[in-house]
Amino acid sequence: MNAILLGAPGSGKGTQAKRVAERYGLTHLSTGDIFRAEIAAGTPVGLKAEGYMKAGQLVPDAIVTEMVAGRMDPAKRYLLDGFPRNLEQARSFASDLKHLGMAVDLVLYLNLPESEVVTRLSSRRSCGKCGEVYNLLSSPPEAAGKCDKCGGDVVQREDDTETTVRKRLLVFRDLTEPLVAYYRAEGLVREVDAAGHIDGVTKAVCAAIDGYLAESKKK
Ligand code: AMP
């Protein structure tokens, strides 16, 4: 099974993707995490992506689709987080997968009201070293400013400031949300209410995956 996690910024895609990928033996592929690592390493892709990310805009499709296609291995099964982000990426990804003898089997849509998104993102923090994600309101690190896992500094993402968050939300509404309808038309979407506590949402995501697996076994 290859699955895509779709949802607004702050809907919990990254957190849920890590948990769910581990449980189902999927390879977690987050384009946002890849870009942040490329920027930290000062690579040519990182240099190209940085300005767009800081402005809350999408990195141009050609850069993203080539980067993802280059990482897909037909021997593995993937959980994609943050990709595709618009219709062009979805179409070009479908054709890249076809060439590799792969397909998107399931789209999990984490649905969260916008008011909740802004609150969550402005209190989100992450470890600058290992990427562990925290929330100052619901899941703060044990020692303020220090990562529980590796002791690295816990900081705010540059694109989590209120102005940039609002821009990212507009991008989501205009470009990414239409993907829900696109994949719905293919019968691939299962919707999950992302408003609850992290563990409850994980349970709901797993229930959606289990439902899909049970149905596909019967076919
Ligand atoms: P994320 O960590 O998924 O919230 O992504 C952070 C930022 O990385 C986005 O606001 C974009 O600037 C960039 N980005 C991540 N994934 C994509 C993508 N599939 N297409 C274009 N830009 C992306």
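The values are calculated or read from the model by the stated rules, or taken from the named source; none is laboratory data. Worth saying up front: this structure is predicted, and the values here are computed from it rather than measured. Glycine also receives a Cβ, built like all others from the backbone with ideal geometry; neighbour counts cover every protein chain displayed. The accessibility values were calculated without ligands, DNA or RNA, using every heavy atom of the protein model including side chains. Shrake-Rupley method; radii C 1.70, N 1.55, O 1.52, S 1.80 Å.
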* What single numbered condition from (1) touching a helix residue (DSSP H, G or I) at 6+ places or on another chain (Cβ under 7 Å); (2) farther than 26 Å from Lys167 by Cα; (3) modelled with pLDDT under 95 fails to hold for Gly70? -> (1)
* Confirm whether Arg91 is in contact with a Gly (Cβ under 9 Å, 6 or more places away or on another chain) and basic (Lys, Arg). => no
* Give me the pairs: first residue in segment 32-47 and more than 13 Å from the ligand (Cβ to nearest atom), second residue open to solvent by less than 40 Å² (accessible area, probe 1.4 Å), beta-carbon distance under 9 Å, and six or more apart or on different chains, which are they? -> Ala40/Gly46; Pro44/Glu38; Leu47/Glu38
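Would you say Pro60 is more than 7 Å from the ligand (Cβ to nearest atom), open to solvent by 60 Å² or more (accessible area, probe 1.4 Å) and not hydrophobic (A, V, I, L, M, F, W, C)?
On the way: more than 7 Å from the ligand (Cβ to nearest atom): yes; open to solvent by 60 Å² or more (accessible area, probe 1.4 Å): no; not hydrophobic (A, V, I, L, M, F, W, C): yes.
Spelling it out, it is not the case that Pro60 is more than 7 Å from the ligand (Cβ to nearest atom), open to solvent by 60 Å² or more (accessible area, probe 1.4 Å) and not hydrophobic (A, V, I, L, M, F, W, C).
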* Where in segment 110-219 are the helices (runs of 4 or more DSSP H), entirely inside, with at least 1 residues that are small (Gly, Ala, Ser)? -> 114-122, 178-185, 198-218
* Yes/no for Lys167 being more than 16 Å from Pro9 (Cβ to Cβ) and of a type in the set (Lys, Arg) -> no
* Structure fact -> The number of residues in segment 66-88 that are away from the ligand (no atom under 13 Å from the Cβ) and surrounded by fewer than 15 Cβ atoms within 10 Å (Cβ to Cβ) is 5
* With the condition kept exactly as written, say whether any residue in segment 131-151 is at pLDDT 95 or above, β-branched (Val, Ile, Thr) and under 22 Å from His28 (Cα atoms). => no
* Structure fact -> Of the conditions (1) out of contact with any helix residue (DSSP H, G or I) (no Cβ under 8 Å at 6 or more places or on another chain); (2) within 28 Å of Tyr24 (Cβ to Cβ), the single one that Ser123 does not satisfy is (2)
* Asked: Which of (1) of a type in the set (Lys, Arg); (2) crowded, with 16+ Cβ neighbours inside 10 Å; (3) within 16 Å of the ligand (Cβ to nearest atom) does Arg173 not meet, given it meets every other one?
  -> (2)
* For Cys130, are the conditions met, namely being more than 13 Å from the ligand (Cβ to nearest atom) and open to solvent by 20 Å² or more (accessible area, probe 1.4 Å)? -> yes
* Structure fact -> With the first residue restricted to segment 172-193 and required to be farther than 20 Å from Val205 by Cβ, and the second required to be open to solvent by less than 100 Å² (accessible area, probe 1.4 Å) and at pLDDT 95 or above, Cβ contacts under 8 Å at 6 or more apart or on different chains are Leu175/Leu58; Leu175/Arg85; Leu175/Asn86; Leu175/Leu87; Pro178/Asn86; Pro178/Leu87; Tyr182/Leu87; Tyr182/Ala90
* Kindly establish whether Lys98 is away from the ligand (no atom under 11 Å from the Cβ), open to solvent by 10 Å² or more (accessible area, probe 1.4 Å), among the basic types (Lys, Arg) and in contact (Cβ under 8 Å) with a residue 24 or more places away in the chain. => no
* Hey, Glu38 open to solvent by 60 Å² or more (accessible area, probe 1.4 Å) and not polar (S, T, N, Q) or not -> no
* Out of segment 96-139, which residues are of a type in the set (D, E, K, R), within 19 Å of the chain's Cα centre (by Cα) and farther than 20 Å from Asp33 by Cβ? -> Asp105, Glu114, Glu116
